[in-house]
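What follows is calculated from the coordinates using simple rules that are stated; it is not laboratory data. For clarity, every value in this text was computed on a predicted model and none was experimentally measured. Ideal geometry is used to build each Cβ from the backbone, glycine not excepted, and the neighbour counts take in all protein chains shown.
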Amino acid sequence: MNAPDTAFIGKAVERREDARFLTGRGQYTDDISLPGQTHGVFLRSPHAHARIRSVDTSAAAQAPGVLAVFTGEHFRGVGGLPCGWQINNVTDGSPMKEPRHPVLADGKVRYVGDRVALVVAESVEQAKAAAALIEVDYEVLPAVVDAAEAAGAQAVVHDEAADNTCYTWAIGDGEGTAAAIQGAAHVTRLSFRNNRLIPNAIEPRAANASYNAASDEYTLYVANQNPHVERLLMCAFVLGIPEHKMRVVAPDVGGGFGSKIFLYGEETALVWASKQVGRPIKWTAERAEAFLADAHGRDHVTEAELAMDKDGKFLALRVHTTANLGAYLSTFSTAVPTILYATLLAGQYATPKIHCTVKAVFTNTAPVDAYRGAGRPEASYLIERIVETAAKEMKLDPAEIRRRNYIRSFPYATPVGLTYDTGDYEATLNRAIELADVKGFAARRAASEAKGLKRGLGYSAYIEACGIAPSSIAGALGARAGLFEAGEVRVHPTGKVTVFTGSHSHGQGHETTFAQVVADRLGIPMEDVSIEHGDTGKTLFGMGTYGSRSLAVGGTAIVKALDKVIAKGKKIAAHLMEAADTDVVFEGGQFKVAGTDKAVPFAQVSLTAYVPHNFPHDKLEPGLNENAFYDPSNFTYPAGTYVCEVEVDPATGVVHVERMTACDDFGNVINPMIVEGQVHGGLAQGIGQALLEHGVYDKESGQLLTGSFMDYAMPRADDLPSFTVETAKGTPCTHNPLGVKGCGEAGAIGAPAAVINAICDALGVQDVPMPASPFTVWKAARGQA
Amino acid sequence: MALLTLKVNGREVTRDVAPQTLLVEFIREHLRLTGTHVGCDTAQCGACTVHVDGRATKSCNMLALQAQGRELTTIEGLAAADGTLHPMQAAFRSAHGLQCGFCTPGMVMSAVDLVQHHDCSSEAKVRDGLQGNLCRCTGYHNIVKAVQQGAAAMK
C-alpha cells in the first residue's frame, strides 16, 4: 500500500469552504436568527455638523412594537470608543488630540450618518417607523469636509482641537533631507490627492447581541475580522463588561478589506441595549448605512519632492501629507497615515535621506481608517508616481531609473525606521517586463495611434510591510495592543486534528491553506484536519486578520504549536519503541527510530496519549494538545513589479486597461491558486481607485454625494481585463519558519500608480488625478488640470 | 395579508404574506433559505439573484406576491438531489471563482442564466453579462474563467 500523499505545501488545493458557500449553506451574521430576537434601527444625523438642542423620543417609544429607544444620554456612563494607536506631536512630544467618540452622539453630530438614536422593536419595519417619529432639534453648524481646508476652517469639529488638527508628526532626517535637495542636480516635484475610498464589502456590517441573565453573559455575533480584539475593546474600554462574561462570534464574514476590523458604535450599543431589553437585538446595515458609516479609506493630500544627481540616482525624498481622519478617531485611524505610511517611503530604493511630515485633521466626514493596504497604497502611489515622473524628466527609461536605485544588499535599514530582511526587486522587474511584453509595446502603440487612440505603459514597483507586527516595535511606536497571534493544535485520540486559530477568514481561505500546512507537517490527510476560527468561546486568543498577517503570524503560531505536538509525540514514541528521545525522528506521519526500521504512526502516538496505559507518566502528562503564541521579530516585506498598459480615447477620455501584469515576491507560497486570487482582488481594488472609485462629500452641505452603488463606481466585470499574475520564485522571509510574507494587499498597493503612470504616458502629461474618470482624462488630454 | 402559493426548489409552498413583502424577504425570512443574500438596497449588487420561471431575477426588486403561481429556484435548489453540484457550481469551485462567498449565490444564478439564455461565446460577452453582479473579492478574473468553464460543462 502506498502512503497517502501528504505533501500539501505549494499545491493549488481546491478550497474546502467552497462547498457550503456554493450551495447557500454559509452562515453569515444576518443568516443567524435567535429565539425571541428583536430588531435595532439607528436614527442617523442628516447634517454634517450640528448641535443637538433636544431629542424627543416620546412618540417613538409609544409606537407599535417598540421596546425601547436609546440616545446619547444613555451612554454617558460608559466609555467612548477607543483609538488603538497613540501618535505624538513632533513639535513638543505631546499626545495627539483624542476627543471622546461616543457610542451614540451626545450634544453634537459631526458627520452625515452619525448615530443619534437606537430604536429596538419587534420588527425592522416597526423600528424604522418609530425612528421617523423621533424629533431632534438641530442647530446646524458650519461643516468642513476637505482635509486641505480643515486647519483654520470656520467649522471646529471638536472643541479640544480648535484648528481641527489631531497631530503633526514627522519621521526622518529633516535637515539632511533639506540639504540634499538644495544641492541636487535635479528635483522632481509632484502634488496630488489620494482619493477617499469606501470599502464596500458585499456583506454589509451586521450584529446580533444578546444577554443571558441566568449566566450573566453576553453573546455577540458580528461581521468582524478580529473577534477577540472586538471583545477586548468593547469590554475593557467602553462597556466595562468582564471579558470572561462576553463571547464574540464572527461567523462567515462576507469580505472585510479593513472595514470590519474596527470597534463601531452600532454593535457596542446593541450589546449594551440587549441587557436593557432582555432579548437579542439584531441589526444589519443597509447599503446606504454602509456608505455613510463604515470607516472610509485613504483621503490624503500630499506634496513630494525627489532629489537626484545628474545620473538619476536618488539623493533625498521630502514629503508633506495632510491626512483626513474624519469626524472621530476610528480604532487604527491614527496609525494609518504615519506608522503604516511614512515608514514605507523608501520603497524599493536606497534613497539615503527621507523626511516626511504628516498633519492629521478632523473633518465632518465619516471616520477614515485602514482599507486594504492602509497607508502602504498611499506611500507606494507617491513613490512610484514621482519615480516615474522623475524618469520622464531625466529622459531615462522608467525601468532603468529603478535599476539605478534598487536596494541590493540585505538586511537593509531604511532611513524611515524599517529593516528589510530580504528581497530581489530586479528579478520581479525583469520578469514583469517579459510577461507584459514590453518589447512589443511600441508596435501596439503604433497600432493604437493608427486608430486615433493613445496608448501608454506604466510601471509600479511596490514594497509593503506586512505580518504586523513585532509587538515591541509597535508598542514603541504608540500601539496600545500587542500584535502577536495565537494558535492551538488539539490532537484527538484517533489522530484527527482540530486547529484553533486567532486569525479570521473572510474570504482568504484559511480553512484550506492552514489545513495544508498542518497536514503537511503532520504527514496526515487534509480530511483529518479541521480549522476553527472566529469564536472567542473556542479560540484561546487572537489578534485577527488584517495587514496580510494571517499566514505569516497566525500560520507561524500554528507551526509552533505543531512543533510542540511533534516534540511531545517523539517522547511518547520513544517510550513505545524503547528508544532514547533524541533518536526519534518524525517524517511522513511516522515516528521512527533513526537508523532502524522501528516506527509508530502518528495516530498510535495520539491514542497512547489519551489511553496512557503504557506511558512515561514520570516524564509527561497524558493528552496531546498544544498551543503557541507567536510574536514576529520583524515585519515581512512582500514586493513586486506591476506593469499596466492602457488605451485612451482622447476624444472621450475613456481609458481601457488593456493589460495588467503583476509579478510578486511573496516568499514561499502554500496555495498558489489562493494567492493569485488574492492578487486579482487587490488589483481590481487598485484599478478601481485609479479609474472609478471616489467618496465625495459636498463642500457646502457636507452631504455624502456618493452614497449608493448608483453614485459610487464599484468596478464591475466589464471594467476590468483579465490579469497576468505570476508569483516569483521569490526570496523567502528570513524570520518565520514558513518563509511566507503575505499577499492580501499587494494588488491594491501596487496597481494605482501603474495605471496612472500608464495614462500619463499615453497622454504625455505629468499628472492625472485619481480617479481618472473620462471627464478628468478628457480634460487632461486637452492640457486642463 | 394574502395567501401566496408557488413552487420553490421543486416543492409547492403556501404562506401568508404581507403585500409589501419583498421576494427576497420571503425567501430569507419566511422560508429561511438564507443562501440568497442582500448586498444593497438599490438593485445594484445582484447578491439576491434567483431564478423565477427559469430566468435570473433580482429578488430584492420584486414583491413576493408577484411570484404567485410561479417557479422559484434559489441557490439551495441548484445542485442535484443527491448533492452533486451543478456544473456551474463545480466550475466556480475548480476555477476559484469565489472568496468570501457572499456574492457567490447570486453570481452563480446569474451565470447559469447567462449560459442558458445569452451569448457567452467570448470573454467580453461574459464580462458584459456579469455587469449586474458585484464582487469585491475576486476582481472577476476567476469568475469569468468559471463561467466559461461552466458554460462548456453545461453543453
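See the values below:
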quantity	calculated
Whether chain A is rounded, prolate or oblate, judged on the alpha carbon gyration tensor where a/c under 1.5 counts as rounded	oblate
Entries of A:K245/A:K741; A:K260/A:K699; A:K282/A:K699 with Cα pairs more than 32 Å apart	A:K245/A:K741; A:K282/A:K699
Chain lengthening between A:K451 and A:R51 when straightened (0.36 nm per residue, less Cα-Cα)	138.2 nm
Residues of segment A:365-382 with amide N under 12 Å of a point placed 7 Å along Cα→Cβ from A:V696	none
Label-to-label distance, nm, for residues given as A:R403 and A:V765 (7 Å Cα→Cβ offset)	3.1 nm
Label-point separation, B:Q131 to A:A7 (7 Å along Cα→Cβ), nm	4.9 nm
Candidate lysines - alpha carbon under 23 Å from A:K592, same-chain residues fewer than 8 apart omitted	A:K496, A:K560, A:K564, A:K568, A:K570, A:K571, A:K619
Built amide H within the under 5 Å cut-off of A:D535, gap 5+	A:A250
Extension reserve of the A:H613-A:A236 stretch, reckoned as 0.36 nm per residue once the Cα distance is removed	131.2 nm
Segment B:2-77, relative contact order [Cα under 8 Å, separation at least 6], %	40 percent
Protection proxy ranking, peptides B:5-12, A:559-566, average beta carbon neighbours within 10 Å, highest first	A:559-566, B:5-12
Separation between Cα centres of segment A:289-339 and segment B:44-120, rounded to whole Å	42 Å
A:Q27 paired with A:R76, simple spin-label distance in nm, labels 7 Å along Cα-to-beta-carbon	4.2 nm
Surrounding net charge for A:N212, when Lys and Arg each add one and Asp and Glu each subtract one, Cβ distance under 13 Å	+2
q = 0.15, 0.18 Å⁻¹: log10 I(q)/I(0) that the Debye formula gives for chain B, counting C-alpha atoms only	-0.74, -1.03
Centroid-to-centroid separation of segment A:463-539 and segment A:351-420 [C-alpha atoms, Å]	31 Å
All lysines inside 20 Å of B:K155 as judged from Cα atoms, apart from same-chain residues fewer than 8 positions distant	B:K125, B:K145
Formal net charge of residues neighbouring A:D597 (Cβ-Cβ distance under 14 Å; K, R +1; D, E -1)	0
At R0 = 25 Å, FRET efficiency that the Cβ-Cβ distance of B:T84 and A:E532 yields, to 0.05	0.35
Inter-chain Cβ neighbour average for residues A:25-37, partner chain, 10 Å	3
For A:I354, distant residues with modelled amide H under 5 Å away	A:D173, A:L317
Sites B:S122 and A:A185 - FRET efficiency at Förster radius 51 Å, r taken between beta-carbons, to 0.05	0.50
Under the Karplus curve 6.51 cos²θ - 1.76 cosθ + 1.60, θ = phi - 60°, whole-Hz ³J(HN,Hα) for segment A:282-299, x wherever Gly or Pro sits	10, 9, 10, 5, 7, 4, 4, 5, 4, 4, 6, 10, 6, 5, 7, x, 6, 6
Neighbour net charge for B:L65 - beta-carbon separation under 14 angstrom, K R +1, D E -1	0
Contour excess over end-to-end distance, with Cα ends at A:E125 and A:T498 and 0.36 nm allotted per residue	130.0 nm
Karplus-derived 3J(HN,Hα), 6.51/-1.76/1.60, for each residue of segment B:41-58, Hz, glycine and proline x	10, 10, 6, 9, 9, x, 5, 9, 5, 10, 9, 10, 6, x, 10, 4, 9, 7
Spin-label proximity, A:N212 to segment A:534-566 - amide N less than 18 Å from point 7 Å beyond Cα toward beta carbon	A:535-540
Packing rank of A:684-693, A:668-677, A:624-633, where each peptide gets the mean count of other beta carbons within 10 Å, highest leading	A:684-693, A:668-677, A:624-633
Exercise: per-residue mean of other protein chain Cβ atoms within 10 Å, A:424-437	0
Alpha-carbon centroids, segment A:100-147 and segment A:763-785: separation in whole Å	39 Å
Relative contact order [Cα under 8 Å, 6+ residues apart], segment A:436-560, whole percent	28 percent
Förster radius 41 Å - calculated FRET efficiency between A:N430 and A:A651, Cβ distance, rounded to 0.05	0.65
Shielding of B:39-48 by partner chains, average beta-carbon count, 10 Å	6
